[in-house]
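The values are calculated or read from the model by the stated rules, or taken from the named source; none is laboratory data. A quick note: this is a predicted structure, and the numbers were derived from the prediction, not measured. Don't worry about glycine lacking a Cβ; one is built from the backbone with ideal geometry, like all the others, and counts go over all protein chains shown. Quick note on the areas: whole protein, heavy atoms, side chains included, nothing else; ligands and nucleic acids left out. Shrake-Rupley method; radii C 1.70, N 1.55, O 1.52, S 1.80 Å.
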Amino acid sequence: MTRDEFVELKSWFLDYTDGFSRNDPKNRRIFELKTAHTGRVCENIIDIGASIALSDSERILAETSALLHDIGRFKQYAEYGTFNDRNSANHATLGLEVLTEHDVLKRCSDDERHLITGAIACHNAACIPPHVSGRGLVLSQLLRDADKLDIWKVFVENYVESPDGPDRTITLGLPDDDSCSENVLDSLSQSRLVNIEDIRTFNDFKLFQISWVFDLNFPATFKLLRDRGHLKRLSDTLPSNADIFRAVDCAWRFVDQSICR
């Protein structure tokens, strides 16, 4: 894929996503939120990719994966009224269906198409499947890191800056009290990703997001996370108690160590 072809693809993306806002003006803000998220993920993947000296063709592949990674979110919300995959459908799978339906990757070679769809398919998985290797692994790692960086930004701003409190569309309608589940705290204390099945409360959901640090892949991502302050702002929204402090401290130490590796 050439740079000019990527620009054409971006134009298609903007027209496709804007159609949801035109057809459903009541939910325009929600669709625009996802479009803006995509733009920032594209910027993040460029920033992270610069740290590992991608070639021009690899950079275009990375930007294309970032541009299209959440294309299924628009269809998901239009059909189900939620971004919760467990209560609707896997948005990555929906996205691949959209790409096929509109023949979006027609200008790509078979190899490029395989790499892009592979990265999209596992961008929201608990982990990258073990069979993914080589260029596909690097592309998937870049996309997952770039995506997480912006999801942290979106959630933190929603938790901290919204005058009406957290948007239940984003927080999945979880109970908002001072409790945290033991399994969630244990996972963080053992430097492991929190299992989404263990999430019971809003605080569990925040700790789940903090545990994403254990799934980051590049020193540049850790540095961007620290410099942007997302982890601190997210931690500051949690209740102040010793168990939470110990769990979150494991994540902080992991970030500091990973920047220097």
- Among the residues of region 238-261, which ones are surrounded by 13 or more Cβ atoms within 10 Å (Cβ to Cβ) and in contact with a Pro (Cβ under 9 Å, 6 or more places away or on another chain)? Ser258, Ile259
- Task: Six or more apart or on different chains, Cβ under 9 Å: which pairs go from a residue in region 103-127 that's more than 11 Å from Leu61 (Cβ to Cβ) and of a type in the set (D, E, K, R) to one that's open to solvent by less than 50 Å² (accessible area, probe 1.4 Å) and in a loop (DSSP other than H, G, I, E, B)? Could you list them?
- Result: Arg107/Met1
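Okay, residues lined up against (1) open to solvent by less than 30 Å² (accessible area, probe 1.4 Å); (2) more than 18 Å from Gly136 (Cβ to Cβ); (3) assigned to a helix (DSSP H, G or I):
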site: Phe13; (1), (2), (3): yes, yes, yes
site: Ser21; (1), (2), (3): yes, yes, yes
site: Glu43; (1), (2), (3): no, yes, yes
site: Ile48; (1), (2), (3): yes, no, yes
site: Gln76; (1), (2), (3): yes, yes, yes
- Apart from one, (1) assigned to a helix (DSSP H, G or I); (2) under 27 Å from Lys34 (Cβ atoms) all hold for Ile244; the odd one out is (2)
- By residue number, the members of region 50-74 that are crowded, with 22+ Cβ neighbours inside 10 Å and outside any helix (DSSP H, G or I) are His69, Asp70
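Please determine, by comparing only the residues of region 171-218 that are assigned to a helix (DSSP H, G or I) and among the aromatic types (Phe, Trp, Tyr), which one is surrounded by the most Cβ atoms within 10 Å (Cβ to Cβ). Lay out the reasoning, then the answer.
Restricting attention to region 171-218, the residues satisfying the condition of being assigned to a helix (DSSP H, G or I) are 171, 182-189, 196-198, 202-215.
Then keep just the ones that are among the aromatic types (Phe, Trp, Tyr); that gives 202, 205, 208, 212, 214.
Numbers: Phe202: 23, Phe205: 21, Phe208: 19, Trp212: 20, Phe214: 18.
Looking at residues that are assigned to a helix (DSSP H, G or I) and among the aromatic types (Phe, Trp, Tyr), I get Phe202.
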- Can you work out which of the residues in region 81-109 that are in a helix (DSSP H, G or I) and more than 20 Å from the chain's Cα centre (by Cα) is surrounded by the most Cβ atoms within 10 Å (Cβ to Cβ)? Thr100
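Among Lys232, Lys223, which is the only one that is at pLDDT 95 or above and open to solvent by 60 Å² or more (accessible area, probe 1.4 Å)? Talk me through it step by step, then tell me what you get.
Values: Lys232 fails: at pLDDT 95 or above.
Answer to the selection: Lys223.
Name every residue in region 193-213 that is of a type in the set (Asp, Glu) and under 13 Å from Cys180 (Cβ atoms), in order of residue number. Full working, then the answer.
Taking region 193-213 first, the residues of a type in the set (Asp, Glu) are 197-198, 204.
Answer for region 193-213, where residues must be of a type in the set (Asp, Glu) and under 13 Å from Cys180 (Cβ atoms): Asp198, Asp204.
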- Find all pairs meeting these conditions: Cβ atoms under 6 angstrom apart; at least six residues apart or on different chains; first residue within region 68-90 and in contact (Cβ under 8 Å) with a residue 12 or more places away in the chain; second residue open to solvent by 50 Å² or more (accessible area, probe 1.4 Å) and assigned to a loop (DSSP other than H, G, I, E, B). Asn84/Leu172
- Query: List, please: which pairs have Cβ atoms under 7 Å, are six or more places apart or on different chains, and start with a residue in region 3-24 that is touching a residue at least 24 places away in the same chain (Cβ under 8 Å) and end with one that is open to solvent by 50 Å² or more (accessible area, probe 1.4 Å) and of a type outside the set (A, V, I, L, M)?
  - Reply: Glu5/Arg107
